[in-house]
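**Student:** Shown below is the structure under consideration.
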Amino acid sequence: MTYEQFYAVVRRVPPGRVVTYGQVAHMAGLPGRARQVGYAMAALSGESDVPWQRVVNARGEISTRSGGSPFGRIQRVLLQEEGVEFSESGRIDLERYRWEG
DNA sequence: AAGTTGACTATTT
DNA sequence: AAAATAGCCAACT
């Protein structure tokens with residue numbers, strides 16, 4: 001399977017808005033494939049034009065990477081720069097920031 | 001070919 | 001509200 005169909009969806013997410021992994025899978029026509037979306041994001045290189053930082057988990061938080069990768073911290077900063085607010089516990093209000101294609 | 005792994009999620013304690 | 005459980009599915013051993 002190709003990750004391109006996931007990237008195509010993520011590229012449509014406007015700045016300052018977020019979507020969940022499951023949502024991306026569903027919008028790409030592959031419901032139930034949330035984990036593969038996570039892999040697709042992990043496979044992205046720094047030069048990519050895909051706004052990967054706008055993909056968060058279903059609880060509105062930034063998913064933890066394995067290996068203690070620092071990208072989670074970067075993701076939060078990028079989103080805050082776009083105007084997304086984080087709660088004290090590090091969560092995003094999906095009711096307010098979720099993008100509904 | 002069978003078992004493990006994990007940027008996930010929904011349900012149940 | 002937070003943690004454990006169970007289900008998920010493609011990539012990798």
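**Student:** Given +1 on the Cβ of Lys and Arg, -1 on the Cβ of Asp and Glu, and no further charges, what dipole in debye does chain A carry about its Cα centre, rounded to the nearest 20?
**Tutor:** 260
**Student:** Mind checking which of A:L94, A:A25, A:G68 is farthest towards the positive end of region A:4-97's charge dipole, using Cβ charges of +1 (Lys, Arg) and -1 (Asp, Glu) about the Cα centre?
**Tutor:** Farthest towards the positive pole: A:A25.
**Student:** Here is a follow-up. Please compute the length gained on full extension between A:R96 and A:S45, using 0.36 nm multiplied by the number of residues separating them and subtracting their Cα-Cα distance.
**Tutor:** 15.4 nm
**Student:** Taking chain A, how much of its Cα-Cα pair set, in percent, is spaced more than 16 angstrom apart?
**Tutor:** The calculated P(r) of chain A puts 52 percent of pairs beyond 16 Å.
No lab work stands behind these numbers, since they all come straight from the coordinates. Everything numeric in this text was worked out from a predicted model, so none of it was measured. Neighbour counts run over all protein chains shown; Cβ positions are idealised from the backbone, glycine included.
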